[in-house]
Structure formats: structure tokens, C-alpha cells
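See below for the structure under consideration.
The values are calculated or read from the model by the stated rules, or taken from the named source; none is laboratory data. Predicted model only: the values in this text are computed from it and were never measured. So basically every Cβ, Gly included, is an ideal-geometry build from the backbone, and we count neighbours across all protein chains shown. Just the protein is used for accessible areas: all its heavy atoms, side chains included, with ligands, DNA and RNA removed. Shrake-Rupley method; radii C 1.70, N 1.55, O 1.52, S 1.80 Å.
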Amino acid sequence: SKDYINFGNHFGQSDEKIFITVCRLVKQKALDRLIKIHSKLIKNGYKHKFYIIGDGPEKENLKSSIEQENVKETFVLLGKKENPYPYIKQADYFCLLSYFEGYGMVLEEAKILNKPIIITDTAAREAIEKYENSKILENTEEGIYKGLKEIIQKPYRNKEFSSNYNNLNRLKDIIDFIGE
């Protein structure tokens, strides 16, 4: 099994799929919806874990939803991290399953790490259009449930989804954009 760093004692204990999200804990990110979907998947026998990096005004509400759904062991709020990259790198999938989303810089970061990316159908689709190693799920509870269930059952990172995404060109674009 992989050697997981800084994830706490319950990260990567088995071959369960690990999903990670990096976002501000606000309503638009639909984490409350995700907790419900996650709980339903777990109850139906689809073992996996969700880790959320970030902080925000919804933190307490999300904590009580996690408590209510009884998924403390499998849906973990990690809080804000200075450097989220080691976490993203160790996860199996990077997710952004928001109600609505712009062109997220965090998606560029996940692409640089060559992570499979799963998003809901929002404006963020522009960020992954040319990135083969990605999946866009219908932006509904049912659509996300079905999409995640399929991914847990039959992981999609294989030949047909392998990415020939050019990290170096993208890094150069980002550096140019930032003006370093």
C-alpha cells in the first residue's frame, strides 16, 4: 500500500478510492450535497473516502452534516493547508462538484499533477476541455451519484483516459500570467 503523508491515521488504509477537493467552504461548492451523496454511496456498499482541504463559513454546518450522516471516518474536513499539493498528489481523483464554478485555478494545479479530474457540468468545463483525464458529471444529486458509483466500481484512469497534457507549457503559461 502507498505511504500516505500527513493524512491522519485513517487515510489510505485500504484500496478504497480517495477523492480530494480543495475549495473554500461556501454554499456554492455544494459540499452539503456531496456529503449526502457520499453517505448514500457508502450505505450502498461503494467504499471510498473524501478529503476536503479548505476553510470557510460553512465549516460548522458541514461538520454537523457529516455527524448526522455518520460518515466521520470517510468524509474528512482537513482544514486549510499551506501546501495542498502532497494531498492532491496522493489522492486518486481530484473533484470539484460545485453548483456553479468559474475557471478554477485549482483545476490547473490538479492538471499539473496529472490527476484524474471529476467536475460537475459548470463553466469550469472550459478548464478541462483539452484534458483527456477528466470526467464531467451531470450537475444533479442523481448525476453525481451515478458518476461516482461508476468511478468507484470501475476506475477510469486507463489507456483511453491517459493524459498527454503538457505540464511544462501550462506551467509556463501560468508563470507568464502571474508575471514572474
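Tabulated results
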| read-out | value |
| --- | --- |
| Pick from segment 1-43, criterion at pLDDT 95 or above and part of a loop (DSSP other than H, G, I, E, B), ranking: nearest to Tyr93 (Cα to Cα) | Cys23 |
| Filter pass, Tyr46 being part of a loop (DSSP other than H, G, I, E, B) and closer than 18 Å to Lys149 by Cβ | yes |
| In segment 29-52, the residues that are open to solvent by 60 Å² or more (accessible area, probe 1.4 Å) and more than 19 Å from Gln68 (Cβ to Cβ) | Lys47 |
| Odd one out for Gly56 among (1) open to solvent by less than 50 Å² (accessible area, probe 1.4 Å); (2) modelled with pLDDT of 95 or more; (3) in contact with a strand residue (DSSP E or B) (Cβ under 8 Å, 6 or more places away or on another chain) | (3) |
| Positions within segment 89-114 being touching an Asp or Glu at 6+ places or on another chain (Cβ under 7 Å) and open to solvent by less than 40 Å² (accessible area, probe 1.4 Å), in sequence order | none |
| Segment 76-88: number of residues that are part of a helix (DSSP H, G or I) and open to solvent by less than 20 Å² (accessible area, probe 1.4 Å) | 2 |
| Residue count, segment 111-133 (criterion: part of a helix (DSSP H, G or I) and charged (D, E, K, R)) | 3 |
| Top-ranked residue in segment 135-164 [being among the hydroxyl-bearing types (Ser, Thr, Tyr) and modelled with pLDDT under 95; ranked as nearest to Lys47 (Cα to Cα)] | Tyr156 |
